[in-house]
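As structure tokens, the structure follows; a few thoughts come after it.
The values are calculated or read from the model by the stated rules, or taken from the named source; none is laboratory data. All values derive from a computational prediction rather than experimental measurement. Ideal geometry is used to build each Cβ from the backbone, glycine not excepted, and the neighbour counts take in all protein chains shown.
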Amino acid sequence: MSKAFTNEDTPTPDETEALPPREGRLPITPAGYARLQQELADLTRVNPAGSSEIGARRARVLAQVLESVYVVEPSVVDGCVRFGARVTIEDGDGRRTSYELVGPDEVDLAARQISVASPVAQALLGKRTGDRVVLRRPKGDVEVTVVSVAAGD
């Protein structure tokens, strides 16, 4: 390969480096932390000597993630949407959707757990029951009403 197509400034990850270093620590819920710890324990318990490269890499990623997070207990103060809260919203057609605002390392869209850094979560932070919020989406903006705010799982 020609040197013109290489980037000498970009380090290539070796076997010990699974993720680029993070600039700061990120929040995670106690439940998310426990899930990641359990996944790491399961990966290291299942035949570590003969584990696949994918399993070994995932274990390195999980170890790095667990070292770069701090646990935040979900709480609701003054009824405001905060990290760890479960918030239910209703659109103009009466459809309700609930989201739990979690750290970026524990996102689970099937469980409606979204990153606190996501645009939807950012729009909801600090809102209370009854507040109207405009959610900006690729398929168009939608105005929703906050129906309830509770501490997450």
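Please name all residue pairs, on different chains or six or more residues apart, with Cβ atoms under 8 Å, provided the first residue is in the stretch 63-74 and is closer than 10 Å to TYR33 by Cβ and touching a residue at least 24 places away in the same chain (Cβ under 8 Å) and the second residue is surrounded by 18 or more Cβ atoms within 10 Å (Cβ to Cβ) and charged (D, E, K, R).
Qualifying pairs under 8 Å: VAL65/ASP105; VAL69/ASP105.
Considering THR88, THR97, which residue is touching a Phe, Trp or Tyr at 6+ places or on another chain (Cβ under 9 Å) and either free of Cβ contacts under 8 Å to residues at least 60 places away in the same chain or not in a loop (DSSP other than H, G, I, E, B) (or both)?
Exactly one residue qualifies, and that residue is THR88.
In the stretch 126-152, how many are part of a loop (DSSP other than H, G, I, E, B), closer than 12 Å to VAL87 by Cα and out of contact with any Leu (no Cβ under 8 Å at 6 or more places or on another chain)?
The total comes to 6.
Take the stretch 79-113 and flag every residue that is surrounded by fewer than 16 Cβ atoms within 10 Å (Cβ to Cβ), closer than 27 Å to ARG22 by Cβ and touching an Asp or Glu at 6+ places or on another chain (Cβ under 8 Å).
ALA111, ARG112
So, ARG58, is that one modelled with pLDDT of 85 or more and either surrounded by 15 or more Cβ atoms within 10 Å (Cβ to Cβ) or of a type outside the set (S, T, N, Q) (or both) or not?
Spelling it out, ARG58 is indeed modelled with pLDDT of 85 or more and either surrounded by 15 or more Cβ atoms within 10 Å (Cβ to Cβ) or of a type outside the set (S, T, N, Q) (or both).
Quick one: count up the residues across the stretch 114-145 that are touching a helix residue (DSSP H, G or I) at 6+ places or on another chain (Cβ under 7 Å) and surrounded by 14 or more Cβ atoms within 10 Å (Cβ to Cβ).
Of the residues in that region, 4 qualify.
Suppose we filter VAL69, VAL76, VAL149 for residues that are under 27 Å from PRO21 (Cα atoms) and of a type in the set (Val, Ile, Thr); which single one remains?
VAL69
Report, by residue number, each residue of the stretch 18-50 that is farther than 15 Å from VAL69 by Cα, part of a loop (DSSP other than H, G, I, E, B) and either modelled with pLDDT of 80 or more or under 21 Å from the mean Cα position of the chain (by Cα) (or both).
ALA18
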